[in-house]
Amino acid sequence: MLGHDLVAALGESPGAYEVTAVDRDVLDIIDPDACLAFVPGHDVVVNVAAWTAVDEAETHEAQAFAVNAVGPANLARACSAAGARMLQVSTDYVFAGDATTPYAEDAPLGPRSAYGRTKAAGEWAVRTHLPSTSWVVRTAWLYGAHGPNFVKTMARLAAERDTVSVVDDQRGQPTWTVDLAHAIVRMC
């Protein structure tokens, strides 16, 4: 979802960007050798790959860790070897979730879920391998035209049912993937 909008935003940006957009069928970020072979020749790597099934991460933490932590570590090592910069997309789930105001970017991490732990490990890996040539962008509640998301699910349920029940124990700020994609382009 975000990757699709990021490629579109790069295409709309002034300046000449040569973009290599890949998915897991082309580059398996869990494979360190594949990352080392793929990154050379690129100036910036933006990692939007993630295990995003938050609830499923609780029962599949090893798989989530592979995608959310090992994958970014492999990309960061490859970027370091190639002299490339890296932007890692992360989440607010790296925090404890008990704040009453927005978290500062340097607030202590305190993930309370498998998803949050795996994303925090990915952030750590990127910062460890690329301490001065990386960025971490934390976002939440992504929705967009491409791919499944909460907004589409709620719209579908509203069309199918007279009443819709949802949990009300979370607060968040939905983030339109087009807006985030343009912000990432400006950062890079």
### Message
If I filter region 63-80 down to residues being of a type in the set (A, V, I, L, M) and under 14 Å from Asp28 (Cβ atoms), which single residue comes out as surrounded by the fewest Cβ atoms within 10 Å (Cβ to Cβ)?
### Response
Ala66
#### Entry: Residues located in region 9-26, provided they are closer than 17 Å to Asp43 by Cβ, assigned to a loop (DSSP other than H, G, I, E, B) and touching a residue at least 24 places away in the same chain (Cβ under 8 Å)
Ser13
### Query
Out of the residues in region 39-64 that are at pLDDT 95 or above, under 13 Å from the mean Cα position of the chain (by Cα) and not small (Gly, Ala, Ser), which is farthest from Tyr103 (Cα to Cα)?
Val45
### Flag if His60 is closer than 18 Å to Val7 by Cβ, surrounded by fewer than 19 Cβ atoms within 10 Å (Cβ to Cβ) and not charged (D, E, K, R)
no
#### Entry: Residues of region 40-54 classified as assigned to a helix (DSSP H, G or I) and either free of Cβ contacts under 8 Å to residues at least 12 places away in the same chain or surrounded by 20 or more Cβ atoms within 10 Å (Cβ to Cβ) (or both), total
0
### Summary
For region 139-151, pairs from a residue that is among the β-branched types (Val, Ile, Thr) to a residue that is not in a loop (DSSP other than H, G, I, E, B), with Cβ under 7 Å and 6 or more apart or across chains, are Thr139/Val89; Thr139/Thr91; Thr139/Thr175; Thr139/Leu180; Val151/Tyr143
### Task
Could you tell me whether any residue of region 113-124 is at pLDDT below 95, surrounded by fewer than 20 Cβ atoms within 10 Å (Cβ to Cβ) and not polar (S, T, N, Q)?
no
### Task
Name the one entry in Arg171, Arg186 that is loosely packed, with under 12 Cβ neighbours inside 10 Å and under 26 Å from Arg77 (Cα atoms).
Arg186
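To keep it simple, each residue is scored yes or no on (1) within 18 Å of the chain's Cα centre (by Cα); (2) more than 30 Å from Phe38 (Cβ to Cβ).
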| site | (1), (2) |
| --- | --- |
| Ala107 | no, yes |
| Tyr115 | yes, no |
| Thr133 | yes, no |
| Val136 | yes, no |
| Trp141 | yes, yes |
| Val166 | no, yes |
### Query
Mind checking whether some residue in region 31-38 is part of a loop (DSSP other than H, G, I, E, B) and at pLDDT 95 or above?
yes
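The values are calculated or read from the model by the stated rules, or taken from the named source; none is laboratory data. The structure presented is a predicted model; accordingly, all values stated were derived computationally and were not measured. We place every Cβ from the backbone using ideal geometry, glycine too, and count neighbours over all the protein chains shown.
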